[in-house]
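Working notes for the structure below.
What follows is calculated from the coordinates using simple rules that are stated; it is not laboratory data. Predicted, not measured: the structure shown is a model, and the values here were computed from it. Here the Cβ positions follow ideal geometry from the backbone for every residue, glycine too, while neighbour counts run over all protein chains shown.
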Amino acid sequence: MERLPYPGVQANKQFICVQSVVTDDQDHLWILDAAKLRGKDVDPGGAKLYRVDLGSNEIDKVYTLKAPAILPNSYLNDVRIDTQRKFAYMTDSSAGGILVLNLSTGKAWRALTGIQEVAAEPQTPYQKARHIKPAASDGIELSKDGNTLYFTSLGGRHLYAINTASLRAPDQTMEERQKAIETLSTTLPGADGLCLQGHTLYMANLPENSLYAFDLKTKQGRTIDTPPIRWADTLAAAPDGTLYFTTSQLNYDKKDRIPYGLYKLAE
């Protein structure tokens, strides 16, 4: 099978460090470039959010993210798009924070930053044994109506939710937004990534090499019985309810890694 760069050779030459790729409900693919290489600060003016028209397979919009929304040590990790209100929400897993981008004006701001809920959680014995470094706000997911944003830290035990109206209001103080955050769980197994199907949030269960499902109605979670999964990552839901994900194997030494794969789960 021939493998070609997407959306094209020339387009790929401008990317620095693509971290997240998601689709929306209007036939667009969104590409988040963190523009931060290991051991270096963010490339000045390099952090960008690209929109690709899936009809033409061409980039038709580029948003450049700069200070003060982007800090020198920022690492943009995940993105969700609200096509109705025309806003994008992104996590900063290095500096810690939730960024908001107004897709109509191109203006971006740090809606949540410098607070406990977006900071890295203390390492667990499992993380230390597997050489997993703690990271701040990482996985996010947007409710279908766009009213609620869910988020976690990498390997975190806490699951949070906040009304997006609070994030979109640029005149709200950080204290006001922090009061709007709801803690949904303090007993996640150690999560990465979030994907919503119905009223269930799916995520990686890192300690158990599996997946974890959290019911937003009952506020109860369960581990999904699967063959060993080496760090489930980049979870995405298809219209028919099938869940797709990759494995990053970040918790394995390079010498112990096996071929990477694309997996699907239909509960």
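Labels on offer are (i) 56; (ii) 48; (iii) 51, and the one holding percent of Cα pairs over 23 Å apart computed from this structure is (iii). Sparse packing (at most 14 other Cβ atoms within 10 Å of the Cβ) combined with a DSSP loop state is found for none of the GluC sites (Glu not before Pro) in segment 152-243. Projecting label points 7 angstrom from Cα along Cα→Cβ for residue 58 and residue 157 puts them 5.3 nm apart.
With unit charges on the beta carbon (Lys/Arg positive, Asp/Glu negative), name the residue among 216, 245, 70 whose Cα is farthest towards the positive pole of the charge dipole of the chain. Looking along the dipole axis, the top candidate is 70. Stretched out straight at 0.36 nm per residue, the stretch from residue 144 to residue 223 would grow longer than its current Cα-Cα span by 26.1 nm. For the chain, adding -39500 (n - 2.57) for each run of n ≥ 4 DSSP H residues and dividing by the number of residues yields -1500 deg cm²/dmol at 222 nm. Find how many whole Å separate the alpha carbon centroid of segment 56-119 from the alpha carbon centroid of segment 4-36. Here the answer is 15 Å between Cα centres. Going from the fewest other Cβ atoms within 10 Å to the most, the residues 164, 242 appear in the order 242, 164.
Estimated from the Cβ-Cβ distance and a Förster radius of 30 angstrom, the FRET efficiency linking residue 10 and residue 66 is about 0.80. Taken about its Cα centre, segment 168-225 carries a charge dipole of about 160 debye when Lys and Arg each add +1 at the Cβ and Asp and Glu each add -1 at the Cβ.
Placing a label point 7 Å from the Cα of residue 27 along the Cα-to-Cβ direction, the residues of segment 43-57 whose backbone N falls under 15 Å from that point are 52-57. Provide the net charge surrounding residue 234, with neighbours chosen by a C-beta distance below 15 Å and charges set as Lys +1, Arg +1, Asp -1, Glu -1. Taking every Cβ under 15 Å from that of residue 234, the sum is -2.
Test of understanding: given the chain, find the longest segment containing no trypsin sites (Lys or Arg not before Pro) that are in a DSSP loop and have at most 15 other Cβ atoms within 10 Å. Between the exposed loop sites, the longest stretch runs 145-216.
Only the Cβ atoms of Lys and Arg (+1) and of Asp and Glu (-1) were treated as charged; on that basis the dipole of segment 6-152 about its Cα centre amounts to roughly 500 debye.
Cα centroids of segment 176-191 and segment 201-267: 21 Å apart. What does the charge count around residue 53 come to, taking other residues whose C-beta lies under 15 Å from its C-beta (Lys +1, Arg +1, Asp -1, Glu -1)? So the surrounding residues net to -3. Charge dipole (Cα centre; +1 on Lys/Arg Cβ, -1 on Asp/Glu Cβ; no other charges) of the chain amounts to roughly 620 debye. Under 11 Å from the Cβ of residue 121, count the other residues' Cβ atoms, weight Lys and Arg +1, Asp and Glu -1, and hand me the total. So the surrounding residues net to -1.
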